[in-house]
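These notes concern the structure reproduced below.
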Amino acid sequence: MAGYHEIRQLWQDDPIEFWRAAAKQIDWVSAPTAILDSSRAPIYRWYPDGVLNTCANALDRQVAAGRGDQVAIYYDSPLTDSKQAITYRELLDQVAVFAGGLASLGVQKGDRVLIYLPMVPQAAVAMLACARLGAVHSVVFGGFAAAELAARIDDAEPVVIVSASCGIEPGRIVEYQPIVEEAIKLATHKPTAVVVLQRPQSLAVLGEREVDWHDLIATATKHDCVPVHANDPLYILYTSGTTGKPKGVVRDNGGHGVAMAWSFTNVYGMGPGDVWWAASDVGWVVGHSYIVYAPLICGAATVMYEGKPVGTPDAGAFWRVIEEYRVNGLFVAPTAIRAIRREDAAGSHISQHDLRSLRTLFLAGERLDPSTYQWATDQLGIPVVDNWWQTESGWPIASNLRGFAPMPIKSGSPSVIVPGYDVQILDGQGKVVPPGTEGAIVIKLPMPPGTLPTLWGDDQRFIDSYLTVFPGYYTTGDGGYFDEDDYLHVMGRTDDVINVAGHRLSTGSMEAVVAANPMVAECAVIGVHDELKGQIPRAFVVLKAGVEVDPIDLRATIVAAVRDEIGPVAALKEVVIVPALPKTRSGKILRATMRSIADGREVVVPSTIEDVRVLEAITPLLSRDGADS
Ligand code: COA
Ligand code: AMP
């Protein structure tokens with residue numbers, strides 16, 4: 001087996017040949033002759049003259065290769081007490097018919113389709129049907145509220161929305177229909193139709209715009225794959241940025257297909273016939289890349305799980321699924337492992353299950369704390385592999401690559417840089433820092449295939465957001481350092497993005513909601529440490545002069561407003577009233593300094609600070625128990 005250093009050298013010697021060879025892992029209608037188009041740098045395009053269809057790669061070619069009777073999706077839903085095994089042939093049929101249904105509603109190549117569905121197989125069917133038509137899907141996570149949905153409708157301008165009557169959270173049914181209706185009301189753009197999957201747990205009353213999923217497919221005819229250019233968009237996935245307006249990360253078809261095939265094989269060490277489980281949600285990038293596209297493009301079976309790691313029914317839920325489907329690789333956020341550990345520290349559930357099929361546990365989405373790493377390693381006795389990446393990259397930037405001779409694992413590091421990425425650590429002046437010194441983690445351009453080519457409809461915002469701070473580099477927004485073995489250590493975000501239970505959120509958008517409260521003069525929302533979720537948002541508010549309010553009432557009002565405007569996933573539950581916020585002399589709130597204190601990092605008190613006492617007063621409130629002080 002080749003080693004990591006050999007394969008990295010191969011890429012460094014000739015990146016173009018490297019990605020030309022990798023492109024052979026997928027099927028093309030017309031194979032690319034040009035590999036990289038740099039003519040519009042800093043905007044790059046991979047495989048510019050290639051033509052393909054992503055759905056054909058995920059389904060048609062698997063059936064043609066004899067995988068028709070192999071399971072493509074294991075759906076397992078303890079929340080609805082149901083299970084289903086769908087073969088590649090069945091999935092292809094369902095996707096071709098649903099694509100026909102969408103086409104009958106007027107969806108054509110290049111049109112957008114917004115998908116707002118819970119973790120049901122129909123979410124994958126809808127995504128793949130869009131890919132089949134050359135339409136562009138935009139999946140929105142179910143934990144977002146109507147206003148967030150409306151912002152995405154106005155930006156993506158979908159012809160059709162595909163939704164369900166409800167999602168299910170432990171102990172409550174989330175009615176989707178009123179959220180979608182409210183979002184359409186709020187949005188300026190109006191879709192022509194809303195396809196509704198009726199779930200028996202709660203049926204929606206359908207209006208004029210709504211079409212029942214089952215009625216649609218009853219009359220639909222199967223649709224063939226529509227060839228698209230490699231650079232045509234496959235999907236838009238909105239993610240939190242530093243401002244309230246979400247960023248529409250674009251993924252193309254060609255580079256994405258190659259990156260999915262390459263990473264599933266070489267980073268995750270998985271292949272045809274393997275059973276793979278990414279315990280995330282289709283609304284996040286992990287769901288796009290590693291629940292739906294990569295495993296299917298590689299002919300594996302993917303598990304779609306509608307449930308939580310604990311309480312559905314107990315802390316043994318994950319181990320039961322692994323045993324039942326003989327899962328070979330599990331990918332999950334560390335927070336889920338912490339949730340399990342909290343309920344079953346001794347691992348008694350683990351010992352009740354036969355987990356011999358499980359080769360590797362992959363953890364990503366937030367920093368993997370050493371104690372969680374150690375617990376998982378001790379309990380499972382298999383490699384526990386941290387991998388670092390983001391919505392924008394679409395696939396891992398740093399990992400311990402399982403497709404090559406394994407490298408030593410170091411707790412606290414996602415290991416080494418994945419071939420294709422040229423990662424550097426820069427100081428504030430844009431100079432490369434020596435090993436052991438923390439700085440901004442950046443990626444030298446061009447980034448590899450599958451990474452974002454731009455933001456939807458806004459090349460300038462793409463350039464301003466990512467490519468301007470350090471010209472020639474993509475700014476990841478994370479800070480960290482290389483150690484003496486070239487292992488990367490990711491220390492956390494350096495901007496207004498926080499990670500709550502593996503969910504990426506913008507403190508800026510929460511601040512906008514808090515600041516709209518008529519009693520609030522100014523505010524800052526900072527991510528503070530949380531034992532289970534890694535980080536949670538805490539709002540610091542300064543009241544307007546003369547305002548007197550019961551802190552409990554104010555907290556309830558603000559928590560409800562954030563839940564209504566952004567959604568339950570924002571999980572803002574802590575509000576602290578403070579007499580003042582630390583500021584510079586020019587009146588700018590010292591958010592970066594507050595963040596550093598909350599992260600336990602070294603803080604250099606800025607010389608421009610207005611009043612050091614205000615900073616000293618707020619420091620204890622930024623600790624994990626600070627809301628109780
Ligand atoms: N639809 C509607 N509401 C949702 C939702 C969805 N799809 N997902 C989460 N929510 C709600 C939750 O019910 C919760 O509501 P509550 O405040 O009424 O309790 C709120 O949003 C916050 O959710 P979360 O932060 O996930 O907390 P939790 O207590 O429900 O679960 C964990 C905690 C750790 C068990 C859970 O977050 C988890 O399993 N995370 C795994 C990480 C993951 O999937 N990451 C994706 C990237 S890898
Ligand atoms: P998302 O775009 O939702 O995937 O979130 C990406 C962000 O999550 C990154 O920029 C990091 O801040 C954080 N993140 C993801 N994986 C890791 C990891 N393995 N270690 C540390 N942080 C991570």
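When the stretch 281-294 is filtered for residues that are over 15 Å from Tyr75 (Cβ atoms) and either near ligand 1 (Cβ under 10 Å from one of its atoms) or not small (Gly, Ala, Ser) (or both), the ones remaining, listed by number, are Gly283, Trp284, Val285, Val286, His288, Tyr290, Tyr293.
The set of residues from the stretch 269-284 being over 20 Å from Trp319 (Cα atoms) and either part of a strand (DSSP E or B) or within 14 Å of ligand 2 (Cβ to nearest atom) (or both) comprises Val282, Gly283, Trp284. Scanning the stretch 126-147 for residues that are surrounded by fewer than 24 Cβ atoms within 10 Å (Cβ to Cβ) and part of a helix (DSSP H, G or I) turns up Ala146, Ala147. Of Ser596, Ser607, all but one fail to be within 26 Å of the chain's Cα centre (by Cα) and of a type in the set (S, T, N, Q); the exception is Ser596. Please work out if Val549 is buried (at least 19 other Cβ atoms within 10 Å of the Cβ) and either outside any helix (DSSP H, G or I) or within 13 Å of ligand 1 (Cβ to nearest atom) (or both). For Val549, the condition - buried (at least 19 other Cβ atoms within 10 Å of the Cβ) and either outside any helix (DSSP H, G or I) or within 13 Å of ligand 1 (Cβ to nearest atom) (or both) - is not met.
In the condition set (1) more than 16 Å from ligand 2 (Cβ to nearest atom); (2) part of a helix (DSSP H, G or I); (3) in contact with a strand residue (DSSP E or B) (Cβ under 9 Å, 6 or more places away or on another chain); (4) not aliphatic (A, V, I, L, M), Gly287 is compliant with all but (1).
For Lys544, state whether it is at pLDDT below 95 and surrounded by fewer than 16 Cβ atoms within 10 Å (Cβ to Cβ). It would help to see each step written out before you state the result.
Details: at pLDDT below 95: no; surrounded by fewer than 16 Cβ atoms within 10 Å (Cβ to Cβ): yes.
For Lys544, the condition - at pLDDT below 95 and surrounded by fewer than 16 Cβ atoms within 10 Å (Cβ to Cβ) - is not met.
Here is a check on your reading of the model: is Val286 touching a residue at least 60 places away in the same chain (Cβ under 8 Å) and within 16 Å of the chain's Cα centre (by Cα)? In short, yes.
So, in the stretch 245-275, exactly how many residues are small (Gly, Ala, Ser), surrounded by 21 or more Cβ atoms within 10 Å (Cβ to Cβ) and touching a Cys at 6+ places or on another chain (Cβ under 8 Å)? Here the count works out to 1. The listed residues are Asp154, Asp111, and the only one of them that is closer than 28 Å to Lys222 by Cα, among the acidic types (Asp, Glu) and either in contact with a helix residue (DSSP H, G or I) (Cβ under 9 Å, 6 or more places away or on another chain) or more than 14 Å from ligand 1 (Cβ to nearest atom) (or both) turns out to be Asp111.
From the list Leu216, Leu206, the one residue that fits, being part of a loop (DSSP other than H, G, I, E, B) and either under 24 Å from the mean Cα position of the chain (by Cα) or of a type in the set (A, V, I, L, M) (or both), is Leu206. Can you find even one residue in the stretch 54-75 that is without any contact (Cβ under 8 Å) to a residue 24 or more places away in the chain and assigned to a helix (DSSP H, G or I)? Within the stretch 54-75 (the criterion being without any contact (Cβ under 8 Å) to a residue 24 or more places away in the chain and assigned to a helix (DSSP H, G or I)), the answer is yes, since at least one residue qualifies.
The values are calculated or read from the model by the stated rules, or taken from the named source; none is laboratory data. Every value quoted in this text rests on a predicted model; they were computed, and no experiment measured them. Heads up, the Cβs are rebuilt from the backbone with ideal geometry, glycines too, and the neighbour counts pull from every protein chain shown.
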